[in-house]
Structure formats: C-alpha cells, structure tokens
Amino acid sequence: MRKKKKDDFQMPSSPGWMTTYGDMVTLLLTFFVLMISFSSIDTIKFGSAMYSLKGALGVLQKHRSIISNRSDKTPKYDQLKKAGIYESVMEMEKIAKELGFEEDVSVEVREGGILIQLGSRILFDLGKADLKQESFPLLDIIGKTIGNKAGEVLVCGHTDDLPIVTAKFPSNWELSTARALSVIRYFINVDNLSPEIFAAVGYSEYRPLVSNNSPENRRKNRRVEFLVTWE
C-alpha cells in the first residue's frame, strides 16, 4: 500500500477556531428555532414591544396606536399640560372636591384626545336621567374644554347590575342611554356646542370598572364617560 506523501495533505481553508465557532452558532440557531416552534407569540406583548421600539426610533405615527398607552410613565399633570387642559382639569377637581365627589372625577390623557369619567352620583339621582343642578358647573368646564376643537365626542352611559323596571326605563339599557343623551342635550342647549360632534352610547351594566359585589363598587360602575378626540 502506497504511503501518503507529505505533499498530499492540504492545509485547512480556515482556522480551527472558526469551524468550532460556526458549529456553535448553528447549534444555537437550531435551539432557538425549536424554542419558537414550541411556543406561541403573545401578540399584545409583541405589539407593545414594537410600539416602544418605534417610539425609540422616532417613527411613531400621528394617530393613536391600537396598543393602549396606559403604561406611559409620564406624570399625569405633565400630560395634561401638553394637552393644554391642565387648568380645566384642576378646576373640575376643585369643584368635585367642594361637592364631596373628588373620587368621582377621572381624566386620562390619550394620544389625540382625552377620556373623562364622571361618577353618575354627580350628575343624576339613583334610577333617574335628569341632570342635577349641582353638576352644571362641571359640565360647563367639560364643554369649555371640548369647545369647537373636538373632532368627535362619544358620551357613554354606564349603570350597575341592579335591575330597573319602570314605565320610563324598562331596563338599564334605556337608563344608560338616556343619561348619555341628557348630557349631550346640555352641551348643545346650554354650552352651544355643535350637535355634529356628538354620539351617545348606552352600555347598561355590561362594561363595569369593578365587580358589582358591593354598594361601593356599584357606585363606581355608575358613571358617564366622555371620549374626546381632537381634530
């Protein structure tokens, strides 16, 4: 048998460490492909991550993302100042405190608008849809805040889960809708706002903030919301 000559051996085309490194990268790639194949992507977390990445890169679109921005760590009043409604919110909270309803007023700044929540005890007596006179100053501030700048104002009525059966309100559907309409009529007739920007929705008892398992929680669920989007 012929022995191999020294010249028959070829030198490797790459260093030995590179071969080992390539094998390791291939194994890691295979490992992560398997991990992904055995898992499901959480679309909400993925969307949030993409939203944060877009913000870091400065490519956010003008309109609000479908991902809620509730995790924004910007202080509330800094957001209010940026939205130009700081003084109005301060005035609302002051009046609510004077009436003993400071816990019934909530304002959330959103990209392109605001969400205002008023507890229904500020606006209405239990089981009724006629506005209470003491609620007028608060509604006037909201009307002034909305002004003619709003592109759309969605007024949403909510009730608790206690049933109501009267000649005027056969169910909570009618009551919640009637309350939303009462507020809109006030904005139109008293604050002279354009009817074209308003829409009324009654959600009855089916979108509670908390479980209807106590009188306190039922009070929190009885509310009117104003979702205001700017032009």
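Looking at the range 86-100, can you tell me whether even one residue there is modelled with pLDDT under 80, of a type in the set (S, T, Y), in a helix (DSSP H, G or I) and within 18 Å of F226 (Cβ to Cβ)? Yes; the residues of the range 86-100 include at least one that is modelled with pLDDT under 80, of a type in the set (S, T, Y), in a helix (DSSP H, G or I) and within 18 Å of F226 (Cβ to Cβ). Within the span defined as the range 211-220, one or more residues are under 21 Å from V89 (Cα atoms) and either assigned to a loop (DSSP other than H, G, I, E, B) or touching a strand residue (DSSP E or B) at 6+ places or on another chain (Cβ under 9 Å) (or both). The single condition among (1) farther than 22 Å from L99 by Cα; (2) open to solvent by 20 Å² or more (accessible area, probe 1.4 Å); (3) of a type in the set (D, E) that E134 does not satisfy is (1).
Checked against the criterion of being touching a strand residue (DSSP E or B) at 6+ places or on another chain (Cβ under 8 Å), acidic (D, E) and not in a loop (DSSP other than H, G, I, E, B), the candidates E174, E205, E196 yield just one match: E174.
Any residue at all in the range 116-123 that's open to solvent by 10 Å² or more (accessible area, probe 1.4 Å), in a helix (DSSP H, G or I) and either without any contact (Cβ under 8 Å) to a residue 12 or more places away in the chain or within 19 Å of M92 (Cβ to Cβ) (or both)? Looking through the range 116-123, at least one residue is open to solvent by 10 Å² or more (accessible area, probe 1.4 Å), in a helix (DSSP H, G or I) and either without any contact (Cβ under 8 Å) to a residue 12 or more places away in the chain or within 19 Å of M92 (Cβ to Cβ) (or both). Here is the figure for the range 169-212: residues that are surrounded by fewer than 19 Cβ atoms within 10 Å (Cβ to Cβ), among the charged types (D, E, K, R) and over 15 Å from L123 (Cα atoms) total 4.
The values are calculated or read from the model by the stated rules, or taken from the named source; none is laboratory data. All of these numbers come straight from a predicted model, not from anything done at the bench. Reconstructed Cβ throughout: ideal geometry from the backbone, glycine too, with neighbour counts over all protein chains shown. Side chains included, ligands, DNA and RNA excluded: accessible areas come from the protein's heavy atoms. Shrake-Rupley method; radii C 1.70, N 1.55, O 1.52, S 1.80 Å.
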